[in-house]
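Following: one structure in structure tokens, then a few remarks.
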Amino acid sequence: MKHLKSILVAALVLLVTGVTNAQDKNNPWAIEVGVNAVDTFPTGLRDGQTDKDFQNGTLFSEYFNVRDHYNILPSVSRVAVGYYLGDGFTMGAVGTVNKIERLGTR
């Protein structure tokens, strides 16, 4: 069963990279949809602080603690559109939305 998950991930990566196209004169538009996450867990020292305290964690402490620290909407929350202008230049616009429910306390 644990090999099945690895095989499915590898198949998904191959499928996604197999159908990607670069923007050029014949394919000028690029449309992206995705998800974004906001982590408000405090790390490092505050302004003027010289010693660590119990309120702030170290850099990357509890980085993968998604349930307690990240704010993520359970739907598409990022949309991007790009247009190929020519000679390797692309113009794009990106929009994201999120709802902050957890603020960084340990």
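The values are calculated or read from the model by the stated rules, or taken from the named source; none is laboratory data. All of these numbers come straight from a predicted model, not from anything done at the bench. Here the Cβ is made from the backbone with ideal geometry for all residues, glycine too, and neighbour counts use every protein chain on show.
Observations
- When residues of the range 76-91 are limited to those that are without any contact (Cβ under 8 Å) to a residue 40 or more places away in the chain and out of contact with any strand residue (DSSP E or B) (no Cβ under 9 Å at 6 or more places or on another chain), the one surrounded by the fewest Cβ atoms within 10 Å (Cβ to Cβ): D87
- The range 34-55, subset hydrophobic (A, V, I, L, M, F, W, C) and either modelled with pLDDT under 70 or loosely packed, with under 10 Cβ neighbours inside 10 Å (or both), residue nearest to the chain's Cα centre (by Cα): L45
- Complete set of residues in the range 76-106 that are hydroxyl-bearing (S, T, Y), in a loop (DSSP other than H, G, I, E, B) and within 28 Å of N27 (Cα to Cα): S77
- Filter result (under 21 Å from the mean Cα position of the chain (by Cα) and of a type in the set (A, V, I, L, M)) within the range 73-106: L73, V76, V79, A80, V81, M91, A93, V94, V97, I100, L103
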